[in-house]
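The values are calculated or read from the model by the stated rules, or taken from the named source; none is laboratory data. These figures come from a predicted structure and were not determined experimentally. All Cβ positions, glycine included, derive from the backbone under ideal geometry; neighbour counts span all protein chains shown. What goes into the accessible areas is simple: the full protein's heavy atoms, side chains included, and nothing from ligands, DNA or RNA. Shrake-Rupley method; radii C 1.70, N 1.55, O 1.52, S 1.80 Å.
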Amino acid sequence: MSPTIFLTLAIIAVVSAMFVVFAKNPVHSVLSLIVTFFSIAGLYLLMNAQFLFVVQIIVYAGAIMVLFLFVLMLLNLSADTEPQKSNRFRVIASASAGLLSLVFSAGMVIDATMGDRNVTNIQEIGLVKHLGKVLFTDYLVPFEISSILFLAGMVGAVLLGKRTPKESKS
Amino acid sequence: MNVDTTYLIIKSLMVLTIFGITLLIATYLTYFERKVAAFLQDRLGPDRAGPFGILQPLADAGKMFFKEDFIPQNSAKSLFILGPGIAMFTALLTGSIIPWGPQITLFGETFDFQIADINVGILFIVGVVSIGVYGIMIGGWASNNKYSLFGAIRASSQMISYELAMGLSIIAIVMMSGSLSLKDIVAQQHGMNWNVFYQPLGFIIFLISALAECNRAPFDLAECESELIGGYHTEYSSMKLGFFLFAEYINMFISCAIISSLYFGGYNYPFMDMVTDPTVQGLIGTAVLFGKIFFFIFLFMWIRWTLPRFRYDQLMHLGWKMLIPLALANMLATGAVILFNQ
C-alpha cells in the first residue's frame, strides 16, 4: 500500500509544483504551493516523521503561506501591474536555482554512497522524544547556529517594520 | 473476522458517532445562542417552532436549503465553492483526537473513546487551527467584493497573531506533562489534579486566544456588521453561508472540548476512584466532559452578549503586546519551577 500512497503524493507534489510556476494568477500559484506543501507533509508521514509532518503543516502551510496569500490579496497583482523583470534578473535567478539543485543532488549522492547507517529503532526515529535528544546532543552546534540565524532574522524583521523618523513625522 | 476488521469497524462507528454528535450539538448551539442572548437581554427568544422553540434549528436549516444559491458573476467560482468546504472540513477535523472518555471494556474488548491517539496530538490541533483560516481567506477573496476581502484579511491577520499566544500557552502545558499526546495529558489530571490549578495564567491566555481563533465576539472583527456588512461571507447565500456559520459553531464546540481537556481534566472528576465499576466510571467521565464543554460554551456566549467588539488596533495590541509577552513569561516561569523541583 505504501508505494501507491508514495506515488500518489509524489505525483500531486510535482504536478502542483509545476502549476505554481505556470499559473497566471498569483493567488492560484500560492494555493497550489499549499497543495505541494501538504503532499510533502504526507511524504514525511510515510517516513514516520510525525513531528516533521506537523511542523511542515504549522509553519509552511499554516503560517508562511497565509502570509503569502495575505500579501497577494492586499496587492491584488495582475499581469499589467506586475513589474517586468529584466533578462539579467532571470539569468541570475535560474543560475542560483540551478546551484541549489546541484547542492541537493550532491547531498543525495553522498548520502547514497555512505551506505547503511546504524539506525536503531527506525520506527520511532521521527518522534519528538528522539528528535529532541538528537538535536540537543549530537547536533547541538548546528542547532544553536540555526537559532542564532532565526534571531538575526527576527531582529531584521523588527528593524524593517520600524518606522523611520522621517516617515512618522509626515 | 480478524482483529483488524473489528478494529476498523469500531473506529468507523466511533467516527460516525462523533461526527453525528458534533453536528447535532452544533445545530442546537444556534438555538442556545439565541436563548442565551434572549436571557441576557431580558427577552423570550425563539418560541414559535415547537415547544420552547426547540425546532428552531430545523426551521433555520430548511430556510437555508430553500434559499437561492447565488454565485456572483465575477467571482472565482471554484474557489468560491471551495471556501465553505474548507471551513467545514477543518472545523470537523480536530474532533478526531480529543479523548471523549477513559478506556472502557465492553464485551471483553478494551477500547479508547478516542478516534486517533497520535503522539503529536496537541501539535496536530495547532496545525489544523492554522490551516482553518484558509476557508475564510479563500471564500473572502473569491467573492470579489471589497468588504469580503477586508473580512478575509482581518480574519487571517487575527488568526496568525493569536495562534502564537495559543501555542506558547500550550507549550507550558506540554512542559508540565512531558507529553504531546492529548490522551496522556488528560490521564495525568486524574481526580482533581487539573492543569488549571498549575497554569491559571496559561488558561486565561488560551481562553482569550480560543475566542479570537473562533472569530467570536468580542473578536469577531472579520464579520463586523457595522463596518463590513457581513464580512467574509457578504456574498454568500443559501447553504454555503450555512456552512460558514455552522463551522463557527463546530469550532466553538471543539475549542471548548480542547479547553476542558487541556485545563479542566477532560473526563476526570473529583472522587472518581470511589466508583468501582470501570464502565460506569467511564460513562460518568464522558458525561462530566460534556458538562464541562457546555459550561464553556455558555461562557463563550455569555462573553459574546456582554462585551462590545474590540477596535482593530486594540485587538492587535492585546495579541502582540500583552498576550504574547505574558505567555512567554508564563513559559519561562513554568520551566524554572520544573527545573527547581527536579
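Observations
- Charged neighbours of B:Asp47, selected by a Cβ distance under 11 Å, balance to +4 (K, R count +1; D, E count -1).
- Spread of Cα-to-Cα distances over 5 Å intervals beginning at zero, given as percent, for the stretch B:70-341: 1, 6, 12, 16, 17, 15, 12, 9, 6, 4, 2, 1, 0
- Fully extending the segment from B:Met316 to B:Ala336 would add 4.3 nm, taking 0.36 nm per residue of separation and subtracting the current Cα-Cα distance.
- Residue among B:Thr94, B:Thr234, B:Thr276 with the largest mean-square fluctuation in a Gaussian network model of chain B, springs linking Cα atoms under 10 Å: B:Thr276
- Rounded, prolate or oblate (a/c below 1.5 giving rounded, otherwise prolate when a/b exceeds b/c) for the stretch A:122-164 by Cα gyration tensor: prolate
- For B:Gly127, the shell of other residues with beta-carbons less than 15 Å away shows a net charge of -2, using +1 for Lys and Arg and -1 for Asp and Glu.
- The simple spin-label model puts a point 7 Å past each Cα toward its Cβ; for A:Leu159 and A:Ser94 those points are separated by 3.4 nm.
- Alpha-carbon spread of the protein assembly as shown, three principal axes, descending order, Å: 74, 59, 56
- Whichever aspartates and glutamates have a C-alpha closer than 18 Å to that of A:Lys162, once near sequence neighbours (fewer than 8 apart) are set aside: B:Asp313
- Extension reserve of the A:Val103-A:Glu144 stretch, reckoned as 0.36 nm per residue once the Cα distance is removed: 12.5 nm
- Listed cross-link partners B:Lys35/B:Lys292; B:Lys11/B:Lys183; A:Lys24/B:Lys146; A:Lys133/B:Lys11; B:Lys183/B:Lys292 are compared with a 24 Å cut-off, the Cα-Cα value being larger for A:Lys133/B:Lys11.
- Choice from B:Pro99, B:Pro72, B:Pro51 showing the highest fluctuation, given a GNM over chain B with Cα pairs closer than 10 Å: B:Pro51
- Chains B and A together bury roughly 1900 Å² of accessible area, counting both sides, with a 1.4 Å probe on protein heavy atoms only.
- Shielding by partners for peptide A:54-60, expressed as the average number of C-beta atoms from other protein chains within 10 Å of each residue's C-beta, is 5.
- Value of [θ]222 nm, deg cm²/dmol, for the protein assembly as shown, DSSP H segments ≥ 4, -39500 (n - 2.57) each, nearest 500: -22500 deg cm²/dmol
- Summing charges over all other residues whose Cβ lies under 14 Å from the Cβ of B:Asn251, with Lys and Arg as +1 and Asp and Glu as -1, gives -4.
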